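As structure tokens, the structure follows; a few thoughts come after it.
The values are calculated or read from the model by the stated rules, or taken from the named source; none is laboratory data. Treat the numbers as computed from the prediction; the structure is a model and nothing was measured. Because the Cβ atoms are built from the backbone with ideal geometry, glycine has one as well, and the counts that use them run over all protein chains shown. The area values use the complete protein model at the heavy-atom level, side chains included, leaving out ligands, DNA and RNA. Shrake-Rupley method; radii C 1.70, N 1.55, O 1.52, S 1.80 Å.
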Amino acid sequence: MFPRVGVTWGTVVGDDQWPKLERYAASLARAGAAPVAVVPGGWGELARAALRRRGSAFVDVLEAPDAADCQGWILAGGPDVSPVRYGEVVSSDTVRVDGPRDELELVLAREALAIGRPVLGICRGFQLLNVVCGGKLVQDLPSEWEGALEHREGAFHALRIDPGSRLAKWAGGRELVVNSWHHQGLGESRELAPGLRGVAWAADGLVEAFEDGGTVSRGWLLGVQWHPEREDVQDSPAARRVAASMFAELVAACRP
């Protein structure tokens, strides 16, 4: 009745990180799912201890699971994806990575796409899905993307939305203002993976959302560069409506 939806996290799982992770759990619980925290192997006990101390909407903690262990997946926000994962060397000392998390999510995402499990990629998860599908990333937007907007905590910007996309249906139009907090990103012509279809763009040309172009997965798939789970920021009513619809459709896709 309540599909289990895994939310990936990394090796930083202490009490100070749980408010961030709990936002995903709360969004899923409101949409009718049983959220499960997923961490790299060896980090489960620390995560369980933090969960017990705080109380949580999460119903379980899993260490490095198989993709079949949940009916759906959220690849959550977090640190940079290592450039090594898409065949490049690190170009900037601003790049911060979590190797065990990269390994966990790369394996999990490939398995989930192969068996058709619903997957929502948020911020880092959006970027990681692009890498899994064969794309690349701009490693440091301020220095490597000409004309980059402010993409930092506290920033907002408008999106231009493909009128035939899910986002346009949820937003009720072709524009949406969203929060923006990311260090890396991707462009349409240079970094977007084959098989993915860009469906939202910032004014600086960065892709801010993609869907499956028809060849990536047999299941539901969406990636967004912003943070729909962040109710602590002053998003517009339209952005909050889109966020609620996004989680509700993900959970609906997880039900048999």
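Residues in segment 145-155 that are surrounded by 14 or more Cβ atoms within 10 Å (Cβ to Cβ) and either of a type in the set (Lys, Arg) or within 16 Å of Leu192 (Cα to Cα) (or both): Trp145 only. Being touching a residue at least 12 places away in the same chain (Cβ under 8 Å) and more than 20 Å from Leu250 (Cβ to Cβ) is the filter here; which residues of segment 57-86 pass it? The answer is Val61, Glu63, Ala64, Pro79, Asp80, Val81, Ser82, Pro83, Arg85, Tyr86. Filtering Ala168, Ala114 for residues that are open to solvent by 20 Å² or more (accessible area, probe 1.4 Å) and at pLDDT 95 or above leaves a single hit, Ala114. Of the residues screened, Val138 is not one that is closer than 18 Å to Val84 by Cβ and at pLDDT 95 or above.
Hey, any hits in segment 57-73 for a residue that's among the polar types (S, T, N, Q), farther than 14 Å from Arg124 by Cβ and surrounded by 17 or more Cβ atoms within 10 Å (Cβ to Cβ)? Working first, answer last.
Looking only at segment 57-73, we keep the residues that are among the polar types (S, T, N, Q), and these are 71.
Among the residues that remain, those that are also farther than 14 Å from Arg124 by Cβ are: 71.
Keeping just the survivors that are surrounded by 17 or more Cβ atoms within 10 Å (Cβ to Cβ) gives 71.
Checking segment 57-73: at least one residue is among the polar types (S, T, N, Q), farther than 14 Å from Arg124 by Cβ and surrounded by 17 or more Cβ atoms within 10 Å (Cβ to Cβ).
Go through the residues of segment 118-140 one by one and say whether even a single one is open to solvent by 50 Å² or more (accessible area, probe 1.4 Å) and among the aliphatic types (A, V, I, L, M). Show your work before the answer.
Within segment 118-140, the subset open to solvent by 50 Å² or more (accessible area, probe 1.4 Å) is 134, 136.
When the remaining residues are screened for being among the aliphatic types (A, V, I, L, M), the result is none.
No, every residue in segment 118-140 fails to be open to solvent by 50 Å² or more (accessible area, probe 1.4 Å) and among the aliphatic types (A, V, I, L, M).
Among the candidates Ala203, Ala238, the residue that is more than 20 Å from Ala31 (Cα to Cα) and either surrounded by 20 or more Cβ atoms within 10 Å (Cβ to Cβ) or over 14 Å from the mean Cα position of the chain (by Cα) (or both) is uniquely Ala203. Here Gly214 fulfils each of the conditions (1) in a loop (DSSP other than H, G, I, E, B); (2) under 21 Å from Asp80 (Cα atoms); (3) more than 15 Å from the chain's Cα centre (by Cα) apart from (2).
Test Ala148 against the stated conditions and say whether it is modelled with pLDDT of 90 or more, outside any helix (DSSP H, G or I) and not basic (Lys, Arg). Judged against the criteria, Ala148 is not a match. Condition first: open to solvent by 50 Å² or more (accessible area, probe 1.4 Å), assigned to a loop (DSSP other than H, G, I, E, B) and out of contact with any Gly (no Cβ under 6 Å at 6 or more places or on another chain). Can you find one or more residues in segment 16-37 that meet it? No, because not a single residue in segment 16-37 is open to solvent by 50 Å² or more (accessible area, probe 1.4 Å), assigned to a loop (DSSP other than H, G, I, E, B) and out of contact with any Gly (no Cβ under 6 Å at 6 or more places or on another chain). Cβ separations smaller than 8 Å between residues 6+ apart or across chains give the following pairs from segment 9-21 residues that are without any contact (Cβ under 8 Å) to a residue 60 or more places away in the chain to residues that are hydroxyl-bearing (Ser, Thr, Tyr): Trp18/Ser56.
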